[in-house]
Amino acid sequence: MTQREKEEKPVEEHLPEKVIFMNMCMLCDGDLVLALDKTGSSYSGTTFPGGHVEAGETFADAVVREMKEETGLTIYHPILKGIYHWYRDGFHNIGLLYRAESYEGELKSSEEGRVYWISREEYEKKELAGGMCQVLRIMDDENLTECFEELQPDGSYLEQLF
C-alpha cells in the first residue's frame, strides 16, 4: 500500500488501541541478578520485579516505583532495553523492559513474592515465568529490542523476536 493510499483510508481505520503499559527491570549487581519468585497470580514462576504504569506516570517513574514497592530498593538510571507485547481481551499489553545497575536500600520481599540475589547462571536454571527466556535474550543482545507474543488458532502463543 502506498503512502497516498494509507492517507486516504477512512478515519475509523486509524482509531487508537486500548493499551495497558507495564514494566520489568533486571537489576544487576556484578554477576548477580535480582530474582522474584512470583506467586498468587496467573503469571507465576521466577521473573524480574515490575508492574503496571499508573495514569499520569512516566515510564521511568513507574519502573522506579515498582522496584521500590516490590523489592524495597531504589534504582537509579534504568535503561530501556526493549519491549515485550501481546494482545489479550481486547487490549494491547506492552511491557517495557529495563536494566539497571545502580541502587540503594534494604532488600525486602513483598506480597508479589520473594526477592533475592542469584547468579545469572543459576537464574536461568530456575522455573522461569512465561516469556522470560525471550526477555533474557533482549537483555543480552543489542540487536534485539522487541518480542511479540501472537495468539495462535490452537490457543498457544508464538513468540517472535525482532
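The values are calculated or read from the model by the stated rules, or taken from the named source; none is laboratory data. Here the structure is a predicted model, which is why all the values come from computation and not from measurement. Please note: Cβ atoms are built from the backbone with ideal geometry, for glycine as well, and neighbour counts cover all protein chains shown. Note: areas computed on protein heavy atoms with side chains; ligands, DNA, RNA excluded. Shrake-Rupley method; radii C 1.70, N 1.55, O 1.52, S 1.80 Å.
Details
- Angle between the chain longest axis and helix 59-71 axis [Cα atoms, degrees, rounded to 10]: 40 degrees
- Charge dipole (segment 15-91, unit charges on Cβ, about Cα centre) - positive-most of 32, 87, 53: 87
- DSSP loop GluC sites (Glu not before Pro) with at most 10 other Cβ within 10 Å excluded, longest remaining stretch of the chain: 18-105
- Net charge dipole, segment 60-111: roughly 220 debye, given to the nearest 20, about the Cα centre with Cβ charges of +1 for Lys and Arg and -1 for Asp and Glu.
- Extension gain for residue 151 to residue 59 (0.36 nm times residue separation, less C-alpha to C-alpha distance): 30.5 nm.
- Portion, in percent, of the accessible area of segment 91-162 that falls on carbon or sulfur, probe 1.4 Å: 45 percent
- Accessible surface, segment 56-104, averaged per residue in Å² (probe 1.4 Å): 49 Å²
- Within segment 38-101, the chymotrypsin sites (Phe, Trp or Tyr not before Pro) that combine a DSSP coil assignment with at most 11 other C-beta atoms in a 10 angstrom radius are 43.
- Answer label, with P(r) over Cα pairs in 5 Å bins from 0, in percent calculated from the coordinates and candidates (i) 2, 9, 19, 23, 22, 15, 8, 2, 0; (ii) 2, 8, 16, 19, 20, 14, 8, 5, 3, 3, 1, 0; (iii) 1, 8, 13, 15, 17, 16, 13, 9, 5, 2, 1, 0, 0, 0: (ii)
- Accessible area of segment 12-54 belonging to carbon and sulfur atoms, whole % at 1.4 Å probe: 54 percent
- Amide proton proximity set for residue 27, modelled H, under 5 Å, gap of 5+: 34, 100
- Charged-residue dipole, Cβ positions (Lys, Arg, Asp, Glu), the chain about Cα centre, Debye nearest 20: 120 debye
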